[in-house]
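Worksheet for the structure shown next.
Where a number appears in this text, it was derived from the coordinates with a stated rule and is not lab data. Remember, it's a predicted structure, so these values are computed and weren't measured experimentally. Counting neighbours? That spans all protein chains shown, and the Cβs are built from the backbone with ideal geometry, glycine included.
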Amino acid sequence: RKEIIFANEYIYQIYIEPFFLINLIFLYSIWNITAAVLSCSVTQKRLLCVSLLGAFIICLFLFLQVPMWYRILAGAIVALLISIRLLFPKIKGYGKVILTVCVIAVVLGGGIGLLQKWNWMREASLIKIAALSLLFSIGSRIVIKKVFQKRQRLLYPVTLIDEDMEIHILALLD
């Protein structure tokens, strides 16, 4: 349990176990969807390990003696950078990965926020909401993989020959 105190007044308590679990599930969900969108072959074991590491780093930053918003932001940034390096070591430009992660995090967070506005979800605990995001990420990964597999079946290698020049390309079946 971590007590957050501001100007010698008691504000609130954070219990580390649910905070860690929620971060673990949300990080796993975000990385799971990101791997599917970027068509990376990342194992579930590796996704889980990186999510555990990220959740641990965010929880570790919670205990620093700096403003709360800075702790959470710095922990999230460090977890993001380490995770990208461990999950996508072969990708040369990490800008694409960071942009994808940010878009997925905003969409997932916005979707959860929208669900909480409905009457049946107003009283839902964060653990239930985290479990819902986990189910959403697994379903999204399956759908995204199927879409990319269909798209791959429409691409064929083609060789264009013009006198003494050959060009090898992928062409979309029309």
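Loop-located chymotrypsin sites (Phe, Trp or Tyr not before Pro) across the range 8-74 with a Cβ neighbour count of 11 or fewer within 10 Å are 15, 63, with loop assigned by DSSP. Grab the beta carbon distance between residue 68 and residue 107, set R0 = 35 Å, and tell me the FRET efficiency rounded to 0.05. E(calc), rounded to 0.05, equals 0.90. Between residue 53 and residue 115, the FRET efficiency estimated from the beta carbon spacing at R0 = 22 angstrom works out to 0.20. The label-point distance for residue 161 and residue 149, in a model that sets each label 7 Å from Cα toward Cβ, rounds to 3.6 nm.
Between residue 77 and residue 173, the contour length at 0.36 nm per residue exceeds the alpha carbon distance by 30.4 nm. Counting 0.36 nm for each residue step from residue 99 to residue 85 and taking away their Cα separation leaves a gain of 3.6 nm.
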